[in-house]
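Trainee: My structure is below; once you've seen it, I'll send some questions.
The values are calculated or read from the model by the stated rules, or taken from the named source; none is laboratory data. All of these numbers come straight from a predicted model, not from anything done at the bench. FYI the Cβ positions are ideal-geometry reconstructions off the backbone, even for glycines, and counts take in every protein chain you see.
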Amino acid sequence: MHRLARLPILTSLRGYERSWLSRDLTAGVLIVALAIPLSMGMAELAGMPPVAGLYSCILPLVAYAFFGSSRQLVVALDASTAAMLAAAVAALAGGDPLRYAALAGGLTLLVGAVLLVAGIARLGLIADFLSEPVLLGYQAGLALVVVASQLPRMLGLTVEADATLERYLEILRGLGEIEPAAAAVGLATFATVVLLRRWKPTVPGALIALVAAALAVFVFDLEQRGVAALGRLPSGLPDLAVPDVALGDLRTLVPAAAAIALVAAADTLVSSRAFAVRGGYEVKANGDLIGLGAANISSAVSGGITASASAARTAVAESVGSRSQVAGLTAATLMAAVLLFLTGPLAYVPVATLAAIVIVAVLRLIELPTLRTLWRVRRVEWAIAIAAAAGVVAIGVLEGVVIAMGLSLLDFLWRTTRPRDAVLGVVPGRAGYHDVARAKGARTLPGVLVYRFGAPLFYANAERFRTRVRTLARRGDGTRLVVVDASTVSDIDVTAGRMLGELQEELAARGVRLVVAEALRDVRELLVGDELKVDFTAADMYDTVDEAVAAAGVGPEVS
């Protein structure tokens with residue numbers, strides 16, 4: 001009983017007020033209104049039957065409500081993970097729809113297991129390694145991939161190419177063969193969703209467009225005029241079963257599962273944290289991973305596919321005052337009712353309508369204002385984002401992410417090996433030591449070089465540090481003291497420690513003393529300890545630059 005009392009949902013419901021219930025119930029209705037068209041569209045994007053999208057909106061919502069740490073977050077199918085699932089499964093399925101469904105379920109199960117293990121192992125910080133430029137580029141590239149897959153369906157075209165760029169070329173060549181009725185329905189849906197979103201974002205424009213299009217198909221018999229519809233969907237709740245996947249296939253899918261789990265985790269943790277700040281409560285990253293893992297496992301055993309956070313649905317729920325996971329539980333209950341009683345009308349939903357809804361949804365992934373900001377502020381990161389987008393479009397979703405992460409790592413290493421450094425001096429009338437290249441009136445002390453290095457010292461930048469100190473110590477005549485201001489050196493490795501010892505000996509041979517000031521405890525212990533066998537002693541370590549300079553008998557004379 002004690003363990004049950006610690007379930008996140010019970011913790012979040014403590015102090016629940018009766019006045020919140022109507023808002024949470026309203027939020028649940030809106031979540032389902034958004035989920036019906038979007039989830040069916042995302043399921044098709046993943047290569048699964050539309051009903052699998054509806055299955056993914058029952059048990060996953062319940063599982064996250066019970067085990068996730070956020071009071072407001074809504075989990076749902078996501079364009080990113082849906083496209084990654086399709087990319088991973090299509091090659092293995094060989095065109096067999098039953099095998100495709102089994103592999104998709106197996107991959108979803110693996111994603112859930114990876115997230116669950118990551119949460120239990122307290123690896124919530126892993127998602128921080130996906131930098132903003134990588135995510136921006138990945139999302140933009142993914143949007144272009146998805147548009148290429150859905151545009152022919154929206155326009156009634158037949159496209160045979162598999163590669164994204166080839167699909168766009170084939171679409172351009174086939175514009176004269178567009179099916180007029182299907183294109184009219186698709187474009188009308190697109191315009192309706194976009195206009196309603198701009199006019200009143202809280203109105204479920206996708207649901208309104210879906211209902212209107214289904215009514216048009218039914219009333220005007222548009223299927224006879226070339227408008228393809230979904231056809232009858234299976235009625236009733238999904239059967240519960242573990243996906244029947246061979247162990248060899250599961251091993252093949254592990255890399256894709258890890259990649260999808262990483263993307264889903266990053267999206268979920270960022271969204272959860274953002275809404276918690278707005279709502280004035282705290283979330284736990286590892287708890288969110290456990291909740292998301294449970295959501296994916298429950299989706300896999302109930303005929304659904306990979307789930308992630310839905311910032312859009314969470315924002316809609318928040319906009320009507322949702323305060324707890326009662327909204328998610330309400331949405332799950334209503335979705336079960338839809339599957340039991342409303343699958344008949346859904347048979348008339350046009351394929352072009354779902355394609356248009358998906359296109360509108362994924363176009364929001366292209367964040368042009370943020371990309372423009374990157375261009376103005378830091379063009380290296382803009383280039384990384386563009387490389388990620390190009391990689392996703394030209395090579396593949398997973399490959400594009402890997403390329404962009406590799407470029408981000410190279411950028412980090414470049415900046416770490418060539419950090420900002422400074423020669424410090426004194427400014428008349430001001431305390432402390434300041435960068436002589438930036439502080440007006442700053443001057444160095446005679447015979448003293450005070451040098452600050454703005455990064456951890458390690459094997460990749462140790463030689464640069466040595467070269468810079470050598471060069472600076474030779475510039476002026478009579479340098480007798482080098483003070484390393486280590487306040488910005490957060491860490492040091494063995495290679496850099498030995499380099500400092502060798503540099504101290506080299507300078508001493510020229511009559512120059514090298515000391516260290518303001519070092520953190522770990523840096524001080526490594527240099528002074530016996531393990532490295534360098535010549536640093538406690539007498540070479542000072543708490544402040546002032547103390548180091550004063551001990552050498554060279555004090556700043558400022559007025």
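Trainee: Among the numbered conditions (1) in contact with a helix residue (DSSP H, G or I) (Cβ under 8 Å, 6 or more places away or on another chain); (2) of a type outside the set (F, W, Y); (3) modelled with pLDDT under 90, tell me where R415 comes up short.
Mentor: All conditions are met except number (1).
Trainee: Oh, and also: Of (1) touching a Cys at 6+ places or on another chain (Cβ under 6 Å); (2) hydrophobic (A, V, I, L, M, F, W, C); (3) closer than 25 Å to D162 by Cβ, A90 satisfies all except one. Which?
Mentor: All conditions are met except number (1).
Trainee: Looking only at segment 128-144, decide whether some residue is modelled with pLDDT of 85 or more and among the hydroxyl-bearing types (S, T, Y).
Mentor: no
Trainee: For T353, state whether it is among the β-branched types (V, I, T), over 23 Å from the mean Cα position of the chain (by Cα) and either in the same structural domain as P133 (by TED's automatic domain parsing) or buried (at least 23 other Cβ atoms within 10 Å of the Cβ) (or both). Show your work before the answer.
Mentor: On the way: among the β-branched types (V, I, T): yes; over 23 Å from the mean Cα position of the chain (by Cα): yes; either in the same structural domain as P133 (by TED's automatic domain parsing) or buried (at least 23 other Cβ atoms within 10 Å of the Cβ) (or both): yes.
Yes.
Trainee: Separate question: May I ask you to say which residue of A347, A337, A385 is buried (at least 17 other Cβ atoms within 10 Å of the Cβ), among the hydrophobic types (A, V, I, L, M, F, W, C) and assigned by TED's automatic domain parsing to the domain that holds A209? Outline the logic, then answer.
Mentor: Values: A347 fails: buried (at least 17 other Cβ atoms within 10 Å of the Cβ); A337 fails: buried (at least 17 other Cβ atoms within 10 Å of the Cβ).
Among A347, A337, A385, only A385 is buried (at least 17 other Cβ atoms within 10 Å of the Cβ), among the hydrophobic types (A, V, I, L, M, F, W, C) and assigned by TED's automatic domain parsing to the domain that holds A209.
Trainee: If you take the residues in segment 139-162 that are small (G, A, S) and in contact (Cβ under 8 Å) with a residue 60 or more places away in the chain, which one is surrounded by the most Cβ atoms within 10 Å (Cβ to Cβ)?
Mentor: Top of the filtered list is G141.
Trainee: Follow-up question, since we're still on this one. Please name all residue pairs, on different chains or six or more residues apart, with Cβ atoms under 9 Å, provided the first residue is in segment 45-65 and is under 19 Å from T314 (Cα atoms) and the second residue is part of a helix (DSSP H, G or I) and of a type in the set (D, E).
Mentor: Cβ pairs passing all conditions: G53/E44; Y64/D288.
Trainee: Does S271 fit the bill of being in the same structural domain as L92 (by TED's automatic domain parsing), of a type in the set (S, T, Y), in a helix (DSSP H, G or I) and modelled with pLDDT under 95?
Mentor: So S271 passes the test.
Trainee: Would you check which residues across segment 94-105 are in contact with a helix residue (DSSP H, G or I) (Cβ under 6 Å, 6 or more places away or on another chain) and touching a residue at least 40 places away in the same chain (Cβ under 8 Å) and list them?
Mentor: Y100, L103, A104, G105
Trainee: Also, quick follow-up: Taking helices (runs of 4 or more DSSP H) that do not extend beyond segment 442-559, which have at least 2 residues that are in contact (Cβ under 8 Å) with a residue 24 or more places away in the chain and within 25 Å of T416 (Cα to Cα)?
Mentor: Filter on segment 442-559 gives 462-475, 494-509, 521-528.
Trainee: Using the structure shown, decide if P201 is assigned by TED's automatic domain parsing to the domain that holds L125, under 28 Å from the mean Cα position of the chain (by Cα), within 27 Å of V75 (Cβ to Cβ) and at pLDDT below 90.
Mentor: Yes: the conditions hold for P201.
Trainee: Quick check on my filter: what residues within segment 90-138 are crowded, with 24+ Cβ neighbours inside 10 Å and either polar (S, T, N, Q) or under 18 Å from A79 (Cβ atoms) (or both)?
Mentor: Hits for segment 90-138 are A104, L107, T108, V111, V134, L136, G137, Y138.
Trainee: Considering each of A182, A209 in turn, give the residue that is more than 20 Å from T343 (Cβ to Cβ), in the same structural domain as V32 (by TED's automatic domain parsing) and either among the hydrophobic types (A, V, I, L, M, F, W, C) or assigned to a helix (DSSP H, G or I) (or both).
Mentor: A182
Trainee: Given the structure, is V263 under 30 Å from L123 (Cβ atoms), out of contact with any Lys or Arg (no Cβ under 9 Å at 6 or more places or on another chain), surrounded by fewer than 17 Cβ atoms within 10 Å (Cβ to Cβ) and in contact (Cβ under 8 Å) with a residue 40 or more places away in the chain?
Mentor: Judged against the criteria, V263 is not a match.
Trainee: What is the number of the single condition among (1) crowded, with 19+ Cβ neighbours inside 10 Å; (2) assigned to a loop (DSSP other than H, G, I, E, B) that P201 does not meet?
Mentor: (1)
Trainee: Moving to a separate point now. Among the residues of segment 65-86, are any at pLDDT 90 or above, in a helix (DSSP H, G or I) and aromatic (F, W, Y)?
Mentor: yes
Trainee: So which of L195, L215 is part of a helix (DSSP H, G or I), surrounded by fewer than 14 Cβ atoms within 10 Å (Cβ to Cβ) and more than 35 Å from the chain's Cα centre (by Cα)? Full working, then the answer.
Mentor: On the way: L195 fails: more than 35 Å from the chain's Cα centre (by Cα).
The unique qualifying residue is L215.
Trainee: Return yes when D239 is in the same structural domain as A52 (by TED's automatic domain parsing), at pLDDT 90 or above and not small (G, A, S) and no when it is not. Break it down into steps so the answer makes sense when it comes.
Mentor: Values: in the same structural domain as A52 (by TED's automatic domain parsing): yes; at pLDDT 90 or above: yes; not small (G, A, S): yes.
Yes.
Trainee: So which residues in segment 24-46 are among the small types (G, A, S) and over 23 Å from the mean Cα position of the chain (by Cα), if there are any at all?
Mentor: Residues satisfying the conditions are A27, G28, A33.
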